[in-house]
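First comes the structure, then the notes that go with it.
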Amino acid sequence: MSNPDLNRFVNLETYPIDRLDSEAGQELLNRAHRMMKEDTLVEFPDFLRSEAVVALAEELTALESNAHQIDYMSTPYGWMDNSEFPPNHPRSALFRRNCGTITTELFSENSLSNRLFQLDELTEFIRRMLGYETLYRSTCPTLSIQVNVMDEGDRFDWHFDTNDGVVSFMIQNADTGGAFEYVPLIRDEDDENYDTVSDVFDGSHEPRRQTASPGTLLLFLGRRSIHRVAPVGATKRSRLSLLYSYDI
Ligand SMILES: O=C(O)CCC(=O)C(=O)O
Ligand SMILES: [Fe+2]
């Protein structure tokens, strides 16, 4: 018997992650691999059942007042030493990151956010999308489960991620702004492509733009693809994205 939470959270009719070796499961994995190759972004709308999205939004909204507020200037290249570059070089750029973050220790074992994270079928699905031999849920006490809480004026500006893959669920959108903007595969370990990165930073290279609906699963290869969350505009509700971390 699979965990009853699986069917409670996941729209298994469209996303048969409990039957990955079936024909439908293989087709799902093929779709994911195609999206990853062409776009570095896997986007599966309505992955979560709508009742689960409503319940998760309530859980996160109740925790919003405990969010840590961050506001600092950050390099897009967080995993490298950026001290030796001229001032107008992308490696010297600093971008503002101001938003709220709800971190792992605020979630009880029985919280919905943790129960979704703990689903073995979800971890296995992600492992097979990424093609790793092993994949483990992160046990980091602060970052394994994290929520970006973004209100009017908040932004999470241009950066590359320092890890290899981030899984997130869009839980709630702001009324205006807060689109996810990205340029797929702009860099790799052999070619930094600084000219195009500069063009993205000064606005002369248009990024792709995407606003996922609540309940969408997103898997993004952010170490090779520059990305940001555009500033949130006037809104009655926060933009809430729920992020899960894994280790290989
Ligand atoms: O909140 C999001 O949608 C993604 C933010 C992001 O790029 C990150 O947390 O690294
Ligand atoms: Fe990111």
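Annotation: amide H-H contacts under 5 Å for Leu143 (H modelled 1.01 Å from N, sequence separation of 5 or more, or interchain): Thr104. If only the Cβ of Lys and Arg carry +1 and only the Cβ of Asp and Glu carry -1, the dipole of the chain around its Cα centre is close to 400 debye. Given Cα positions, please report Rg to Rh for region 69-115, the hydrodynamic radius being the Kirkwood one. With Rh from the inverse mean 1/r over Cα pairs, Rg/Rh is 1.24. When every Cα-Cα distance of region 4-247 is counted in 10 angstrom steps from zero, the calculated P(r) takes the values 7, 31, 37, 20, 5, 0 percent. Dividing the mean sequence gap of close Cα pairs (under 8 Å, 6+ apart) by how many residues the chain holds gives a relative contact order of 27 percent. Remark: region 97-105, residue by residue, has Karplus-estimated 3J(HN,Hα) of 10, 10, 6, x, 9, 9, 10, 3, 5 Hz, where x stands for each Gly or Pro and the curve is 6.51 cos²θ - 1.76 cosθ + 1.60 at θ = phi - 60°. Just to confirm the number: angle between the C-alpha axis of helix 23-39 and the first principal axis of the chain, 0 to 90 degrees, nearest 10? On a 0 to 90 degree scale, this one is about 10.
Here each label is just a point 7 Å from Cα along the line to Cβ, and for Gln69 and Glu84 those points are 4.0 nm apart. Candidates Pro90, Val232, Gly203 compared by Cα position along the dipole of the chain: farthest toward the positive end lies Val232, with charges placed on Cβ. Around the amide H of Ser138, modelled in the peptide plane, lie the amide H atoms of Ser245, Tyr246, Asp247, all under 5 Å away and 5 or more residues distant in sequence or on another chain.
In loop segments of region 7-47 as defined by DSSP, the trypsin sites (Lys or Arg not before Pro) with at most 16 further C-beta atoms inside 10 Å of their C-beta are Arg19. Charged neighbours of Gln69, selected by a Cβ distance under 14 Å, balance to -2 (K, R count +1; D, E count -1).
Shape analysis of region 1-94 yields a ratio of the Cα radius of gyration to the Kirkwood radius, Rg/Rh, of 1.16. Restricting region 78-176 to GluC sites (Glu not before Pro) that sit in a DSSP loop and have at most 11 other Cβ atoms within 10 Å of their own Cβ leaves Glu84, Glu109, Glu133. Need one word for region 143-248: rounded, prolate or oblate. Basis is the Cα gyration tensor (sqrt eigenvalues a ≥ b ≥ c); a/c below 1.5 gives rounded, then a/b vs b/c decides. Because a/c hits 1.5 or more and a/b fails to exceed b/c, region 143-248 counts as oblate.
Rank by packing, highest mean first: peptides 58-67, 43-52, with packing defined as the count of other Cβ atoms within 10 Å averaged across residues.
43-52, 58-67
Phi-derived couplings, Karplus 6.51 cos²θ - 1.76 cosθ + 1.60 at θ = phi - 60°, listed residue by residue for region 113-122: 4, 6, 5, 5, 4, 7, 5, 4, 5, 5 Hz, with x used for Gly and Pro. Along the positive direction of the dipole of region 115-248 (beta-carbon charges: Lys, Arg +1; Asp, Glu -1; about the Cα centre), which of Ala179, Asn193, Thr134 reaches farthest? Value computed over the given set: Ala179.
Placing unit charges on the Cβ atoms of the charged side chains and taking the dipole of the chain about its Cα centre, the candidate lying farthest along the positive direction among Asn11, Ser144, Ser50 is Ser50.
None of the figures in this text is laboratory data; all of them are computed from the coordinates on show. Everything quoted here is computed from the prediction, not taken from an experiment. Cβ sites come from the backbone with ideal geometry, for glycine too, and all protein chains shown count toward neighbours.
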